[in-house]
Amino acid sequence: MIDTQNIEITKRAESRINEVDFGNLPFGREFTDHMLMATFEHGQWSNARIIPYGNIPMSPAISAIHYGQSIFEGLKAFKNEAGEIRIFRPESNWQRMNKSAERLCMPTIPKEIFVDGLRQLVNLERNWVPADPSCSLYIRPFMFATDPYLGVKASETYSFAIICSPVGPYYAKPLHLKIETHYTRAAMGGVGFAKAAGNYASAMLPAKLAQLQGIDQLIWTDAKEHAYLEEAGTMNMMVVIDDVLVTPPLTSTILPGVTRDSFLTLAREANFKVEERRISVIELIEGVKAGRVSEVFGVGTAATIAQVIKLTLDDHSYDLPSIETCTISNQIGSQLLAIKKGLEGDTHSWNLLL
Ligand SMILES: *Cc1c(COP(=O)(O)O)cnc(C)c1O
């Protein structure tokens, strides 16, 4: 086990921060001055270090490239007007990364490297955490297989890394989503519940085909019948039908979102009716037509609360109520952001205050 004292820090000679336009931050294109890395070999993690952000030398034969043993996480740090910095629920991301690691036959990562490592890294990058209400520091931990070996087998060596990116909003406006009934994201028994790199590769063609039709993202449906909603791009889906907040239950095909869990917790506390159950495509579309669906939105760290204004199924499009009328997503969404910024009581101790 490695304790925090053992993370060696090598600082960059000069910060790049003045080259970045904080008034106009795109998502995920600017990176901070430093990154964390650790190495797994001989059955253990070692050499946890914070070094200047930069390219990683690697063999062209590493199994991450050829066979996709590669997983990641995504979480955020927030700064308020008082300059306080909080990281939202890092332990949940640590636990989830280890579930992904187990499924992909990769080693788990100790908390001392994941949580303490990101705490030290973000502490070093304090100036990079934007204070603007719509901005944050996106933190991307990831792990990949590094054996230079072309045989198909689990690698014996791995790298773990954390990079950070100051970000603005992921989506600039309410979304137009297509209900996907041809392609499949995840099947029962597969890796849909893991944040495995390959899941996103297989989603790119279907998403691009939809984007050519002017659609922002897809809502995936189950692999077997394409009859039930699963989730969207990088967000879990929520629907308000007859004033009940409904979301699909967590199965092996759905990523267990930290935002999903936080949102459901707050919605239950605010005495909204909440159901985790399957939602059929027919129920959703008939509900929209009958005016019984008052809100459709996605929830995720990167996209935050992404409200949906239009749905497309096959050749038909359906308008949803305007977002000003979306009581639950507006109310719980604001409360969640206030908690993350330390402006409202953190009764669940979700924040790691730096
Ligand atoms: C990351 C992700 C989510 C959202 O998870 P959060 O922990 O809330 O960020 C949902 N679905 C998929 C497929 C994801 O990759």
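Residue-wise test of (1) within 21 Å of ASN236 (Cα to Cα); (2) at pLDDT 95 or above; (3) in contact with a strand residue (DSSP E or B) (Cβ under 7 Å, 6 or more places away or on another chain).
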| position | (1), (2), (3) |
| --- | --- |
| LEU124 | no, yes, yes |
| ALA161 | no, yes, yes |
| GLY168 | yes, no, no |
| LEU175 | yes, yes, yes |
| ILE179 | yes, yes, yes |
| TYR183 | yes, yes, no |
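Residues that are more than 16 Å from the ligand (Cβ to nearest atom) and within 22 Å of the chain's Cα centre (by Cα) within the range 279-306 comprise just one, GLU295. Could you look through the range 55-85, keep only residues that are more than 16 Å from GLY257 (Cβ to Cβ) and within 16 Å of the ligand (Cβ to nearest atom), and pick out the one that is surrounded by the most Cβ atoms within 10 Å (Cβ to Cβ)? The qualifying residue surrounded by the most Cβ atoms within 10 Å (Cβ to Cβ) is ALA77.
Being of a type in the set (Ser, Thr, Tyr) and either within 7 Å of the ligand (Cβ to nearest atom) or outside the structural domain of LEU311 (by TED's automatic domain parsing) (or both) holds for only one residue in THR247, THR221, THR253, THR234, and it is THR234. Checked against (1) surrounded by 15 or more Cβ atoms within 10 Å (Cβ to Cβ); (2) closer than 30 Å to PRO133 by Cα; (3) free of Cβ contacts under 8 Å to residues at least 40 places away in the same chain, THR108 passes all but a single condition, namely (2). Taking the range 193-233 as the range and being more than 24 Å from ILE282 (Cβ to Cβ) and of a type in the set (S, T, N, Q) as the test, the residues that pass are ASN199, SER202, GLN211. Within the range 242-288, the set of residues being over 14 Å from SER329 (Cβ atoms), assigned to a helix (DSSP H, G or I) and not charged (D, E, K, R) comprises VAL258, THR265, VAL281, ILE282, LEU284, ILE285, GLY287, VAL288.
Farther than 23 Å from ARG86 by Cβ, in contact with a Gly (Cβ under 7 Å, 6 or more places away or on another chain), in contact (Cβ under 8 Å) with a residue 40 or more places away in the chain and polar (S, T, N, Q): which single residue out of GLN213, GLN217 fits that description? Criteria check complete, one pass: GLN217.
Among residues of the range 48-68 being touching a Ser or Thr at 6+ places or on another chain (Cβ under 6 Å) and at pLDDT 95 or above, the one that is nearest to GLU112 (Cα to Cα) is ILE51. Checking SER262, SER349 one by one, the residue that is among the hydroxyl-bearing types (Ser, Thr, Tyr) and touching a helix residue (DSSP H, G or I) at 6+ places or on another chain (Cβ under 8 Å) is SER262 and no other. State all residues of the range 306-325 that are in contact (Cβ under 8 Å) with a residue 40 or more places away in the chain, in contact with a helix residue (DSSP H, G or I) (Cβ under 9 Å, 6 or more places away or on another chain) and surrounded by fewer than 23 Cβ atoms within 10 Å (Cβ to Cβ); if no residue qualifies, say none. Passing the criteria: GLN307, ILE309, THR312, LEU313, ILE323. Any chance the range 173-185 includes a residue that's under 18 Å from the mean Cα position of the chain (by Cα), within 30 Å of ILE219 (Cβ to Cβ), crowded, with 21+ Cβ neighbours inside 10 Å and among the aliphatic types (A, V, I, L, M)? Yes, the range 173-185 contains a residue that is under 18 Å from the mean Cα position of the chain (by Cα), within 30 Å of ILE219 (Cβ to Cβ), crowded, with 21+ Cβ neighbours inside 10 Å and among the aliphatic types (A, V, I, L, M).
The values are calculated or read from the model by the stated rules, or taken from the named source; none is laboratory data. Keep in mind that what you see is a predicted model, and the values were worked out from it rather than measured. Backbone-built Cβ (ideal geometry, glycine too); neighbour counts: all protein chains shown.
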